[in-house]
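Visitor: Quick one: structure below, then a few questions.
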Amino acid sequence: MFSKSKTNEPDAKPNPGEAFKSSAGEDVPTVSEVPARSTKAKPPPSVLASDLKVIGNIKTSGDINIEGEVEGNIHAHLLTVGESATIKGECNADDVVVHGRVIGKVRGLKVRLTSNARVEGDIIHKTIAIESGAHFDGSVQRQKDPPSVKPGNNAPKPSGSPQPGTQTQPGTQAQPASIKT
């Protein structure tokens, strides 16, 4: 009825990854052989520290917290602009939370300007929240899906911008008109 096997001996150590026999005689996998469940935990947000300056565009499908300075466009799922941060470029994300300074266009499904926010540029959003004390110099436009809007397509042209085909003098840029609210 009972048989003595190597796995039943007290001195015998099972080999890792080796299946052992149950009392019914069938192979039972060890813990290391059982495939891990594919539960993808949300990775932590990427953080750009306050002493970091980035010149160039940033694109991620995840979340990003900016505490330093960025000169370029940012595309992310959740973008948080920290109190010490300055962004000179377009911010494009599903959720945008601004605590610091943004000089450029902001596009997001949900845009939130906290009381410390300083935004100089247009905001294109689905929903927006502006706390008391926030500084905003630009226009606000509501759209159903703002992040998918491509720059230049369906975007209102500033009144001070040159017509297509015309050139500006080297070293100068056309400045968009600002609207104070």
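Visitor: Among K88, K105, which is among the basic types (K, R) and either modelled with pLDDT under 95 or under 22 Å from Q143 (Cβ atoms) (or both)?
Guide: Checking each option against the conditions leaves just K105.
Visitor: Can you tell me which residue is nearest to the chain's Cα centre (by Cα) among those in the stretch 73-91 that are of a type outside the set (A, V, I, L, M) and within 16 Å of E120 (Cβ to Cβ)?
Guide: C91
Visitor: Of the residues S148, S161, which single one is modelled with pLDDT under 95 and surrounded by 14 or more Cβ atoms within 10 Å (Cβ to Cβ)?
Guide: Residue meeting the stated conditions: S161.
Visitor: Which ones in the stretch 40-63 are part of a loop (DSSP other than H, G, I, E, B), more than 10 Å from the chain's Cα centre (by Cα) and closer than 15 Å to T80 by Cα?
Guide: P44, A49, S50
Visitor: Looking at the stretch 123-134, I want the residues that are under 19 Å from E90 (Cα atoms) and have a partner that is of a type in the set (V, I, T) with Cβ atoms under 6 Å, at least 6 apart or on another chain. Which pairs are those?
Guide: I123/V106; I123/V111; I123/V140; H125/V111; I128/V111
Visitor: Consider R112 carefully, then state whether it is surrounded by fewer than 22 Cβ atoms within 10 Å (Cβ to Cβ) and part of a strand (DSSP E or B).
Guide: When the stated conditions are applied, R112 passes them.
The values are calculated or read from the model by the stated rules, or taken from the named source; none is laboratory data. What you see is a predicted model; the values in this text were computed from it and never measured. Virtual Cβ from ideal backbone geometry, glycine too; neighbours counted across all protein chains shown.
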